[in-house]
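> Have a look at this one before I ask anything.
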Amino acid sequence: MSDFLLVLGFAALPAAGNFFGGVLAEVFRVSERALSLALHLAAGIVLAVVGLELMPEALTAGLPWVPLLAFVFGGAIFIGLDRTIGYVQARMGGGGEKQSGALAIFSGVSMDLFSDGVMIGTGAVVNPALGLLLAVGQVPADVPEGFAAIATLRNAGISRKKRIAMAAAFAIPILLGATIGYWALRDAPEIITLSVLALTGGALTAVVVEEMIGEAHEGETSQLGPVFLTAGFALFGAISVYFGS
């Protein structure tokens, strides 16, 4: 049990980084151009998580077509989630497309944190030092993600009280992922674990393409957007190389 509490402590580190990014979005006034750049940076980070961590690991499966199908299914899950958010918004009498997009981005960041938790939990099973290394490596990447997510919610007109509550709620998916990674997936067949990672990767890819990049071009934009996108990818690449397993 003490080992599991240690894993939860590891997972709390990137959760705290994400929350700190959200606090920064509350403290500083975010212009449309700054929000666009933050979303490009976060999109680059998420794409790097998928391209450098999730899918290379998933494709080590003995039957790689299974996680590849799971990747496609992850995209389908995002479509269902996006439509559900829109339906709920409509039934509640408003919110509009902007709020729906903001909530979809919030869900996407939650999925990313869930995948972080799964990696931390399963890594800690192999070696507690590896779990700590994965957790510490995620912190710098989660700060801009938290900033972009909460800044988008703010731009969508969601109340400050709700934004703070949602920023704190980012701890839930990563702790849940760490719990599943530690207790469930460690004894599951490898193909199941790798397919879960691929499914998460597919959903994250869809979130980036359909929501983050789209939201980044809704208002005033900057020519530096593509630079921030590639910088985000490079940032996570550096974290993966220098702090990864």
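The values are calculated or read from the model by the stated rules, or taken from the named source; none is laboratory data. From a predicted model like this one, the values you see are computed outputs, not experimental measurements. Here the Cβ positions follow ideal geometry from the backbone for every residue, glycine too, while neighbour counts run over all protein chains shown. Side chains are part of the model used for accessible areas, which takes the heavy atoms of the whole protein and leaves out ligands, DNA and RNA. Shrake-Rupley method; radii C 1.70, N 1.55, O 1.52, S 1.80 Å.
> Does ALA34 fit the bill of being farther than 19 Å from LEU204 by Cα and either buried (at least 21 other Cβ atoms within 10 Å of the Cβ) or of a type in the set (Phe, Trp, Tyr) (or both)? Lay out the reasoning, then the answer.
Values: farther than 19 Å from LEU204 by Cα: yes; either buried (at least 21 other Cβ atoms within 10 Å of the Cβ) or of a type in the set (Phe, Trp, Tyr) (or both): no.
For ALA34, the condition - farther than 19 Å from LEU204 by Cα and either buried (at least 21 other Cβ atoms within 10 Å of the Cβ) or of a type in the set (Phe, Trp, Tyr) (or both) - is not met.
> Could you list, in sequence order, the residues of segment 178-217 that are small (Gly, Ala, Ser) and within 24 Å of GLY62 (Cα to Cα)? Give the steps one after another, and end with the answer.
As a first pass, look at segment 178-217 and keep what is small (Gly, Ala, Ser): 178, 181, 184, 188, 195, 198, 201-203, 206, 214, 216.
Those that are small (Gly, Ala, Ser) and within 24 Å of GLY62 (Cα to Cα): GLY181, ALA184, ALA188, SER195, ALA198, GLY201, GLY202, ALA203.
> May I ask you to verify whether THR230 is open to solvent by 40 Å² or more (accessible area, probe 1.4 Å), closer than 23 Å to ARG29 by Cα, over 14 Å from the mean Cα position of the chain (by Cα) and β-branched (Val, Ile, Thr)?
When the stated conditions are applied, THR230 does not pass them.
> Give me a count of the residues in segment 160-191 that are surrounded by 14 or more Cβ atoms within 10 Å (Cβ to Cβ), part of a helix (DSSP H, G or I) and of a type outside the set (Gly, Ala, Ser).
So the count comes out to 12.
Here's the yes/no breakdown for (1) under 21 Å from PHE71 (Cα atoms); (2) touching a helix residue (DSSP H, G or I) at 6+ places or on another chain (Cβ under 8 Å); (3) not hydrophobic (A, V, I, L, M, F, W, C):
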site	(1), (2), (3)
THR205	yes, yes, yes
VAL209	yes, no, no
GLU218	no, yes, yes
LEU224	no, yes, no
ALA231	no, yes, no
LEU235	no, yes, no
ILE239	no, yes, no
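> I need the full set of residues from segment 4-31 which are open to solvent by 90 Å² or more (accessible area, probe 1.4 Å) and within 30 Å of ARG186 (Cα to Cα), in order please.
Within segment 4-31, LEU5 is the sole residue that qualifies.
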